[in-house]
Amino acid sequence: MSLDLFDAADCRTAIEIGPDALLLRGFASNTAPALLDALGHILAQAPFRHMVTPGGFRMSVAMTNCGALGWVSDETGYRYVPFDPQTGRAWPSLPAGFAQLARDAASQAGFDGFTPDACLINRYEPGTRLSLHQDRNERDFTQPIVSVSLGVSALFLFGGPRRADKTRRVELHHGDIAVWGGRSRLHYHGVLPIKPGHHAMLGEQRLNLTFRKAG
Ligand code: MD6
Ligand code: FE
């Protein structure tokens, strides 16, 4: 289904990718340069790092966080923590423009009043993938997740409530925002290995920002 929710001149459309899950094409296109500028400052304080899964595997996605809480993984499990384990300092604060964009996208998708306290920042390079998983370390599953794609495109897999459920493939391009919550909140999803590509602002990389109300 394709809804003409936005300014037709921008050719922005919303695509339903699951129950209560929407892909807002190009929703962050105009704000992307400002997002990347702010990201530079965040990365200087909290650099990307490869976390380890509870099973002992190094993740191919490099991660960092901003906001009051940051998502981390290590041998003991997945959780949200207020301090960067690598530096012992609080995560960089969530820029007001990030929070506003996430709030606007959530609202556009039918989730009013979204107030993120965590932003996980993911970096993908050619070959990087993210295996099927559920996002379930947050306290309140009534709150959606807002996911912003920047740079090189990716193929996103969106499944159902069980790992074995059939998945749908969705292309995520620079400036796209996926919002999901409600009936899809705990659906399995992942990212296929990134194909080599080039983006004018980000070179060979794909960055993904996922905003959550974690605490
Ligand atoms: C990514 N995203 O797009 C990985 N999780 O790089 C996620 O794992 C994700 O995009 C929950 C909601 C939206 C997402
Ligand atoms: Fe996820």
I'd like to compare 17-25, 97-105: which one has the highest average count of other Cβ atoms within 10 Å, and what's the full order after that? 17-25, 97-105
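Of Phe57, Phe27, which has the most accessible area with a 1.4 Å probe, and how do the rest follow in descending order? Intermediate results must be reported in sequence, preceding the final value.
Numbers: Phe57 145, Phe27 30 Å².
Ranking Phe57, Phe27 by accessible area, largest first, yields Phe57, Phe27.
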Estimated inter-spin distance, Gln100 and Arg183, nm [label 7 Å along Cα→Cβ]: 3.5
Note to self: C-alpha centroids of the range 144-175 and the range 60-106 sit apart, in Å, by 20
Treating each Cα of the chain as an identical point scatterer and ignoring solvent, apply the Debye formula and state log10 I(q)/I(0) at q = 0.12, 0.15 Å⁻¹. -0.58, -0.96
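For a quick protection proxy, order the peptides 171-182, 41-52 by their average other-Cβ count within 10 Å, most packed first. Display every interim value, and only then the final one.
Details: 171-182: 21.7, 41-52: 14.8.
The most tightly packed comes first, giving 171-182, 41-52.
Sort 147-153, 188-194, 83-89 for me by packing, meaning the mean count of neighbouring Cβ atoms within 10 Å per residue, highest on top. The partial results should precede the final answer.
On the way: 147-153: 23.7, 188-194: 18.7, 83-89: 12.1.
So the peptides 147-153, 188-194, 83-89, ranked by packing, come out 147-153, 188-194, 83-89.
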May I ask you to work out the translational diffusion coefficient for the range 82-142 at 25 °C, viscosity 0.890 mPa s, via Stokes-Einstein with Rh from the Kirkwood sum over Cα pairs, reported in whole µm²/s? 171
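The values are calculated or read from the model by the stated rules, or taken from the named source; none is laboratory data. None of these values were measured; they are calculated from a predicted model. Using ideal geometry, Cβ is built from the backbone for each residue, glycine included, and neighbour counts are taken over all protein chains shown. Surface accessibility is based on the protein's heavy atoms, side chains included, excluding ligands, DNA and RNA. Shrake-Rupley method; radii C 1.70, N 1.55, O 1.52, S 1.80 Å.
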